[in-house]
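Working notes, beginning with the structure itself.
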Amino acid sequence: MADARVPFLDLRALNEPFRPAIREALDRVMDSGYYLLGEEVAAFEGRFARYCGCAAAIGVANGLDALTLVLRGWKELGQLSDGDEVIVPANTYIATLLAISASGLVPVPVDPDADSFNLDADGVRRALTARTRVVLPVHLYGRMVDMPAIMSLAQEHGLLVLEDAAQAHGATCEGQRAGSWGHAAGFSFYPGKVLGALGDAGAVTTSDPELAGVVRCLANYGSSEKYIFPVKGSNSRMDELQAAILNIKLNELEQHLTGRRAAALAYQQGIANSALKLPTGVLDEHAWHLYVVRCRERERLREHLTREGIGCLIHYPLPPHRQGAYADLSTRVLPITERLSESVLSLPIYPGVDSQSVIDACNRFSGAAWSE
């Protein structure tokens, strides 16, 4: 909604304060003569690993590649085989499932907890089979999954855990940051993310040195050293300019999160309309990539907010098992996911958002009181 009084997201405005530093970084990268696999990427990898609380971070081309490379890495290490099953929340973005399919594995979508929107240990337990090898929790919208419960279940059954942390930069669970709970994690730095580049970029985090080495090799054509290729890899490398930009923005990530949390708090305290179900969770643990409400008359609410000049989007209107790409999953019974896809609506949330206008518009909506 380019003409919205309160845009859903204004990347130009959010990036404007970084313009001088980014221009300086561009000059520095150009002058260095190294545009890939240089000092900027190495610096960001080290800093981001420390920020997340992991031993290693590997910069890659995007978030989808990050997940795919971890799964492929486990296959190279003999920990996974073609046809192994990966449990995943059914209401995630399709990229999570695409990573599984691209790795020769089988996605097993499971209904999330309706309150948190996230995968829960009980749902995972019910979906376990003899072929289950991986649990892939998605910290959807920036709220972390109950990772102690997931890790306990994984340990009990000898499962690998891969966090999809694409929306959860800086989110915490019991004081521990996203990306450091599982055996590995995949991050996206798509421009609209909490920590976003000016283009595509991603990262893998892990404290497993063997996996880190294999992922780094796979991301660089399968090369362990120049012109030596022990495995069949791909080309998935973070470039120096995006790394330089991310280094700049990482400096301000905590302040950025504070701004998002302030907006979320304003919504929690100010929206007083029984037609809207507000999100739950610990405010200061959530990264608030998205602020998602539910409404029985979602389309009427969306039309109302649009008329009021408030940008809003649906995350996501059609879950993966209803997409043509996953027609083989279309017969799965996933009632919670179906209800979520019919009722969720994302409100604008970012530092400096005109939260009062959003609150006022929401409170002026006349609709049926929320009920499941």
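Look at D111 and say whether it is among the acidic types (D, E) and farther than 24 Å from K193 by Cβ. It is true that D111 is among the acidic types (D, E) and farther than 24 Å from K193 by Cβ. Summed over the range 308-326, the residues that are closer than 15 Å to A90 by Cβ and either touching a Leu at 6+ places or on another chain (Cβ under 6 Å) or not charged (D, E, K, R) (or both) give a count of 10. Residues in the range 251-264 that are over 11 Å from I349 (Cβ atoms) and more than 18 Å from the chain's Cα centre (by Cα): N251, E252, Q255, T258.
Within the range 31-77, the set of residues being farther than 18 Å from H139 by Cα and either outside the structural domain of V134 (by the TED database) or acidic (D, E) (or both) comprises D31, E39, E40, E45, E76. Among all positions in the range 78-95, there is at least one residue which is surrounded by 21 or more Cβ atoms within 10 Å (Cβ to Cβ), among the polar types (S, T, N, Q) and touching a residue at least 60 places away in the same chain (Cβ under 8 Å). Checking the range 212-228 against the condition returns a match, with at least one residue being surrounded by 20 or more Cβ atoms within 10 Å (Cβ to Cβ) and either over 17 Å from L36 (Cβ atoms) or assigned by the TED database to the domain that holds D360 (or both).
Of the helices (runs of 4 or more DSSP H) lying entirely inside the range 1-96, those containing at least 1 residues that are more than 30 Å from G213 (Cβ to Cβ) and of a type in the set (S, T, N, Q) are 11-15. Restricting attention to the range 279-320, the residues that are over 16 Å from the mean Cα position of the chain (by Cα) and under 16 Å from C362 (Cα atoms) add up to 22.
The values are calculated or read from the model by the stated rules, or taken from the named source; none is laboratory data. Keep in mind that what you see is a predicted model, and the values were worked out from it rather than measured. Here the Cβ is made from the backbone with ideal geometry for all residues, glycine too, and neighbour counts use every protein chain on show.
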